[in-house]
Structure formats: C-alpha cells, structure tokens
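K.L.:
First, the structure itself, so that you have it in front of you.
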C-alpha cells in the first residue's frame, strides 16, 4: 500500500509518520519566560545532529490555531533551553507535562517536579532527571505555516549533566541504569531494556 501525503489531511500524514518513525527519543525541554515561569514539555521529533559542535534538534509542531508553542516563544526570547532525558521512572510526570496549560502556568511545579539551576543557560533543568543537556540556540527553522507546521529548534550543547548512578567507571553511560523510554504511535511508548549488539563492519582499504 502507498500513501501520498498530498492526498491526505495533515493530521492523517502526521499519524502515519508517528506510527512508522519509531522508536523516537523524547526531548523533555525546559525553558523559561521573561516573567520567570518555567515551561516543561516533551517533544518526540528529536535527535542529535552533530558532534562538532555538539548539537541537538527538536521539532515543536504548532498548535491547532497555528501559533507556536510556549517552548518556541521562550527559546526565541532568551536563547536557551535544556533537554532533559526522559526515563522510565519519570514517565508519568513526562506525560503530564504534555497537557496544554496557560502561558503563566509552570508545568514543572504543576507536576510536582523541582528546578535545578543550570550553569550556562537561563532555563533550569529538571532536578529529578538522570541526565540533561544545557543548550544555546543555534537556529530556528520554520517548516510550513499554520496548524501542524513546525519550528525546528537547533541548539548547541554547552554542558552535559549525568547522574553518577548512570556513569560507568570508564566514563561511558550505562543504558540499564539510565533506562530511557521512546515514543511509538498513538499513546504507546517503548522501554530500552531489550537490547542487542551489532558490531560495525571493518572499513577495508580499496582493493583488499
């Protein structure tokens, strides 16, 4: 079966995308308004972009009325954000912060979480998170206009936090201890407890 996006409503195309692009890591983004209200929201159109400079990007889809979400508004205002890693133990709180609330309402406080001051950006990180990336804005790319159009937020990582409990003795991250979750279609998620290893093929010189 084939699906031509031009023959479907944006909402239907969106549904197909989230059902097929899986699993998706979750950027649990904390930002702050000019009035000092901390916004916290999850975005599953998210990934790393570059290691030099260290860069991440997430896509914040517009609201149904076509306006950008509070996250985008705040990042534009002060040029910083924090990506908190979404883990299994915080799944309920992460999901709760997806609720649409007023601009003057802090999802962080509403969901019983605590703010931890960042060191290099204005927005705080989530104190309960096992890992966080402090980011400064590199660029916002507008993709489309109106409802379900997107704002691709690209940020340069300036500091990474990881709890001692998830860091091995050799400095690498223990995925079992981190226990991240990923987004599937609809209301479904996955947990990164089932893993397998595939060593990359050796790169051989031409003619060998």
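K.L.:
Among the numbered criteria (1) buried (at least 16 other Cβ atoms within 10 Å of the Cβ); (2) within 16 Å of residue 25 (Cα to Cα), which single criterion is violated by residue 98?
P.N.:
Looking at each condition in turn, residue 98 falls short on (1).
K.L.:
Can you go through 166, 153, 141, 158 and tell me which one is exposed (fewer than 13 other Cβ atoms within 10 Å of the Cβ), touching a strand residue (DSSP E or B) at 6+ places or on another chain (Cβ under 9 Å) and under 30 Å from residue 96 (Cβ atoms)?
P.N.:
Going through 166, 153, 141, 158 in turn, just one is exposed (fewer than 13 other Cβ atoms within 10 Å of the Cβ), touching a strand residue (DSSP E or B) at 6+ places or on another chain (Cβ under 9 Å) and under 30 Å from residue 96 (Cβ atoms): 141.
K.L.:
Would you pick out the residues in the stretch 106-144 that are part of a helix (DSSP H, G or I) and at pLDDT 95 or above?
P.N.:
None - no residue of the stretch 106-144 is part of a helix (DSSP H, G or I) and at pLDDT 95 or above, so the list stays empty.
K.L.:
So which of 178, 148, 108 ends up being in contact with a strand residue (DSSP E or B) (Cβ under 7 Å, 6 or more places away or on another chain) and either exposed (fewer than 15 other Cβ atoms within 10 Å of the Cβ) or closer than 25 Å to residue 52 by Cβ (or both)?
P.N.:
Exactly one of 178, 148, 108 is in contact with a strand residue (DSSP E or B) (Cβ under 7 Å, 6 or more places away or on another chain) and either exposed (fewer than 15 other Cβ atoms within 10 Å of the Cβ) or closer than 25 Å to residue 52 by Cβ (or both), namely 178.
K.L.:
Quick one: which of 27, 41 is touching a residue at least 24 places away in the same chain (Cβ under 8 Å), under 19 Å from residue 190 (Cα atoms) and touching a helix residue (DSSP H, G or I) at 6+ places or on another chain (Cβ under 7 Å)?
P.N.:
Just one listed residue meets the conditions, 41.
K.L.:
A further question follows. Just the residues that are closer than 17 Å to residue 28 by Cβ and either part of a loop (DSSP other than H, G, I, E, B) or in contact with a helix residue (DSSP H, G or I) (Cβ under 8 Å, 6 or more places away or on another chain) (or both), please, taken from the stretch 188-208.
P.N.:
Residues satisfying the conditions are 189, 191, 192.
K.L.:
So, residue 90, is that one at pLDDT 95 or above, on the phi < 0 side of the Ramachandran plot, part of a loop (DSSP other than H, G, I, E, B) and buried (at least 18 other Cβ atoms within 10 Å of the Cβ) or not?
P.N.:
No: the conditions fail for residue 90.
K.L.:
Please indicate, with yes or no, whether at least one residue in the stretch 155-166 is at pLDDT 95 or above, more than 20 Å from the chain's Cα centre (by Cα) and not in a strand (DSSP E or B).
P.N.:
Yes, the stretch 155-166 contains at least one residue that is at pLDDT 95 or above, more than 20 Å from the chain's Cα centre (by Cα) and not in a strand (DSSP E or B).
K.L.:
Now a separate question. Considering the stretch 106-121 alone, what residues qualify as being closer than 14 Å to residue 36 by Cβ and free of Cβ contacts under 8 Å to residues at least 40 places away in the same chain?
P.N.:
If the condition is that a residue be closer than 14 Å to residue 36 by Cβ and free of Cβ contacts under 8 Å to residues at least 40 places away in the same chain, then 117 is the only one that fits.
K.L.:
Also, I was wondering about something else. Is it fair to say residue 155 is closer than 26 Å to residue 18 by Cα and without any contact (Cβ under 8 Å) to a residue 12 or more places away in the chain?
P.N.:
Answer is no for this residue.
K.L.:
Return the residues of the stretch 72-87 that are surrounded by fewer than 22 Cβ atoms within 10 Å (Cβ to Cβ) and either touching a helix residue (DSSP H, G or I) at 6+ places or on another chain (Cβ under 6 Å) or part of a loop (DSSP other than H, G, I, E, B) (or both); say none if nothing qualifies.
P.N.:
Hit for the stretch 72-87 is 79, nothing else.
K.L.:
Check every one of the strands (runs of 3 or more DSSP E) wholly within the stretch 15-63 and list those with 3 or more residues that are surrounded by 21 or more Cβ atoms within 10 Å (Cβ to Cβ) and within 8 Å of the chain's Cα centre (by Cα).
P.N.:
Qualifying strands (runs of 3 or more DSSP E): 27-32.
The values are calculated or read from the model by the stated rules, or taken from the named source; none is laboratory data. What you see is a predicted model, and the numbers here were worked out from it, not measured in a lab. No Cβ is skipped: glycine too gets one built from the backbone with ideal geometry, and neighbour counts run over all protein chains shown.
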